[in-house]
Every structure is written in structure tokens, then in C-alpha cells.
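The values are calculated or read from the model by the stated rules, or taken from the named source; none is laboratory data. Since the structure is predicted, the reported quantities are computational estimates derived from the model, not experimental observations. In this analysis, Cβ positions are derived from the backbone assuming ideal geometry, glycine residues included, and neighbour counts consider all displayed protein chains.
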Amino acid sequence: MELTRLRGFRDLLGADARAMAIAEDRAREIALSYNFLEIRIPALERIELFARSTGETSDVVEKQMYSFADRDEAGTIVALRPEGTPGVVRAYIEAGLDRSDPEQRLFYSGPVFRRERPQKGRYRQFYQFGVEVFGRTDPACDAEMLIMSDEILKGLGVVSRCEINSIGDAACRPAFRAALIEWGRAHLEQLCTDCHNRIDRNPLRLLDCKIDAKLAATAPSSLDYLCDDCRVHFDSVRSLATAAGVETTINPRLVRGLDYYTRTAFEFMAEGLGAQSTVIGGGRYDGLVEAMGGAAIAGIGFGMGIDRIAIALEAAGLVPSAKPDAIVIAMGANALANAVVMVRELRRKSLRIELASPERKLKALLGRAAKIGARFAVIVGDNELARGVVQLKNLESGQQSEVSAADLARAIAGEA
Ligand code: HAM
């Protein structure tokens, strides 16, 4: 057996890891500015949690979960989370917030797991940044989800467009569902085998049928079935988003793959990502908290695929290289004792510093400095130390000069 990584799982090194961090940091910064609080939830949960929220008839639960029996006596079946929303809703209910303090704005970030067919932008372990708002039904809240998504992407320099739909609520969805079932039955032989199963269990997913996109275009549109309340809500979401500069395109086939959505559903697609271009997906889930045993509290949120955004950032050349400001080379034991203090001070001034190995020769260390792209080499020797100076070699120009130890940080930062 070779000790290689599993298919669909990735090691993220160098620029790949940096791009992920840039995307996540930006999302976190924006979430804080929208007054969201962080929540950290487990990666492993009881399998029933996902069956009851993500949905028994969703592809994610039916085909893509990593689940196994725990080693407890009851043989509890557990699953690695395939998305963040169910755990957040569970935690919200479990903390009693649905009754004590229902209006909450939460964000989270971490790995999720889906056993999908891997391809560029689609992995079996990927990273989601997500937000969830509880206790708000007003369209301004939906509009803010769109504006916030746009803000994260724009701030990163990712060019995107937003598609939106309303899939109705408990009042108007049944009629739409019935119309879809009727349409599906009438076109059964043209639909894929998956759709034959979906037709009664999850008819909204018929709109995702991969076999015949032209046929799917003839399916009933949820917008034709919206009740007055849902229609007014939808129009208001869109006009508020437009007022804030976020253009939305209606996609009447957009139903999302997870079962809990009501009313607003949206996705942001980024340029240059090929088939897996959706970088943010979200929507409203007004019945979910109650369906999971909590009070009747509305919810809305979105999940952002950090891996995909990282790919977009790298493709657009938006990931700065991580080069050190300086490598510090100590010549001898006494100099080394001084150098460890010196590098600590330099780093406190936000400089990026590497202390070189004292076991290697100067020539080899200058080689390493060039390899890691350091701008300067600082050479610390006993003689110079006695005079309170160090040698500062500019590795771009090759110039070397003596600099007072007290001025070193400023010289490296280019302020001297
Ligand atoms: P989702 O659309 O399933 O929604 O996932 C959100 C985002 O995760 C997608 O838009 C995509 O960028 C990324 N993503 C999904 N699958 C993969 C994959 N296999 N590899 C890489 N990236 C992927 C949710 O998960 C909902 N929990 C979002 C939400 C929050 N809705 C309401 N609140």
C-alpha cells in the first residue's frame, strides 16, 4: 500500500495555501464588519442531523456522505459534515437561542466533506466559509446576503455575477411541486434515471436534469406559482440589492441541491473556473429551525467555496508571493546569542525574518537567501557587534553596508 493521499483530497502548499488564507481572511473581515459573530462547530455529527436538514432526498445525503458506526455501545452512526448549516442550526437550538435570544448573526469556517466525483474545483474535502442569520424575515436581510457576498468577492478582485430565484414558501410551493410532478410524468422517457426516482421524492431537482437542458427549459417556473407575499418579498430583495449596486439575474431553474430552502435562492458564479464556477450559494430556510425541533424562527445564509475562490485568485495573479524581508546570519556562538534577540525585535516590527542555520557556511546561506527571495542578508559577527553594527547586504543590488544595530529595522523596511 502506498501512503499517498486519497482521491479528491488535497495537500495545499505554498501559493495554494496562501490563496485559501487570503480568501478566508477577507470573508472573516467582511463578516465582522456586518456584525456577525464566529461560531465553531464539530466536523462530526450524528447522521440523522444531515438527513433531517440537508435532506434525505438530496444527492449530498443520498450519495455523498462519509459516515460510519462510532465505537460506542449503541453503534451511533456518525457522519463528517457535508456542509455547515445543519450543525449551526443544531448548535443554535441546543444553546436555547431560538427561545432566549432568537436574532443571531453567525459565521463559521472549516473543512466539509462530500464524496463527489473529483475534478478541478470539486474536491471531497473542501473548505466552506458560511454565514447564517436567524430571526429575520425581511427582504433587507436577504438583500444584505447578496451585498455581503458581492463585497467579499469584489474585495478579493474576483469578477462574478449573481443568479437568483424564489422557490416560494409553504403556501405556494405545493402547487409548483404538483406542476413539476405532472410535467415530469409527461416527459419521463426523456429524463435521466436519477430523475425517475426524484419525480415524487424531490421534484424540484428535476430542473437539474443533466440529460436534456432544452427539455428542462420547458419545465414550470417557480416564479409563475409564487403567492403575493413571496412575489413582493422577491421583488423587494432584488430592488434593494440593485440599489446597493448588486445586479441580479433571475434564473428560474435555480433550485439549489439542498432540501431546506424557501423563497430566496442565489448563487454567485466567478469567471475562469470552468464547470465548477459557483463560488457562493445560499438562500432562505424559514422552516428549518422548527423542523429540527426548535421554535418557528426564520433563517437565511450562504456558503462560500474557499477552494474555488483560491483557484480564481491564483488564475488572476492575485496571490502575492511570500518572500522574507531578510535572512539573518550569525557568525559564531556569541553572535548567535545576540541574533536571536535581534530577529525577535525585527519580527515585532512586522518584518518577515528568517534566522539562518548556524551549522552551515556563509556561502551556502547566501545561496539559501537567494532561493527564498530574501531582500536582505544581515550578517552578524562578533567584531561588528562589539561596535554595535551589523553588515546589511542588499541581495537585489548586491551592495553591502555597515548599519547600526539600532537602525536595522528601518534600513530593512526601506525607511533609513
Ligand atoms: P452549497 O451550494 O452546497 O451550499 O455549497 C456552498 C459552496 O461550497 C458552493 O457554492 C461551492 O463554492 C462550494 N462547494 C460545494 N461543493 C464543493 C466541492 N465538492 N468542492 C469544492 N467546493 C465545493 C451549502 O453548503 C449551504 N450550507 C450554504 C448555505 C448556508 N445556505 C444557507 N446557509
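Summary of computed values
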| item | result |
| --- | --- |
| One residue from Ser397, Ser350, Ser321 being touching a residue at least 12 places away in the same chain (Cβ under 8 Å), exposed (fewer than 12 other Cβ atoms within 10 Å of the Cβ) and not hydrophobic (A, V, I, L, M, F, W, C) | Ser321 |
| Test: residue in region 260-275 that is among the polar types (S, T, N, Q) and surrounded by fewer than 19 Cβ atoms within 10 Å (Cβ to Cβ) | no |
| Whichever residue in region 270-295 is in contact with a Gly (Cβ under 8 Å, 6 or more places away or on another chain) and farther than 16 Å from Met145 by Cα and, among such residues, is nearest to the ligand (Cβ to nearest atom) | Gln276 |
| Region 12-49, residues that are within 19 Å of Phe126 (Cβ to Cβ), under 15 Å from the mean Cα position of the chain (by Cα) and among the acidic types (Asp, Glu) | Asp16, Glu24, Asp25 |
| Of residues in region 133-171 being touching a residue at least 60 places away in the same chain (Cβ under 8 Å) and basic (Lys, Arg), the one nearest to Ala315 (Cα to Cα) | Arg161 |
| Any hit, region 149-165, residues being over 27 Å from Ala21 (Cα atoms) and out of contact with any His (no Cβ under 7 Å at 6 or more places or on another chain) | yes |
| Enumerated strands (runs of 3 or more DSSP E) restricted to region 23-139, each holding at least 2 residues that are within 13 Å of the ligand (Cβ to nearest atom) and touching a Cys at 6+ places or on another chain (Cβ under 8 Å) | none |
| Some residue of region 199-214 being within 12 Å of the ligand (Cβ to nearest atom), more than 20 Å from Gly168 (Cβ to Cβ) and of a type outside the set (A, V, I, L, M) | no |
| From the options Ala333, Ala356, residue that is hydrophobic (A, V, I, L, M, F, W, C) and surrounded by 12 or more Cβ atoms within 10 Å (Cβ to Cβ) | Ala356 |
| Top-ranked residue in region 352-399 [being in a helix (DSSP H, G or I) and of a type in the set (A, V, I, L, M); ranked as nearest to Ala333 (Cα to Cα)] | Leu385 |
| Check on Arg344, among the basic types (Lys, Arg), under 30 Å from Phe126 (Cα atoms) and modelled with pLDDT of 95 or more | no |
| Residue identified as crowded, with 21+ Cβ neighbours inside 10 Å and under 22 Å from Glu62 (Cα atoms) among Gly257, Gly283, Gly294, Gly301 | Gly283 |
| Residue match in region 133-156 (condition: in contact with a helix residue (DSSP H, G or I) (Cβ under 6 Å, 6 or more places away or on another chain), more than 26 Å from Gly87 (Cα to Cα) and either modelled with pLDDT of 95 or more or surrounded by 14 or more Cβ atoms within 10 Å (Cβ to Cβ) (or both)) | yes |
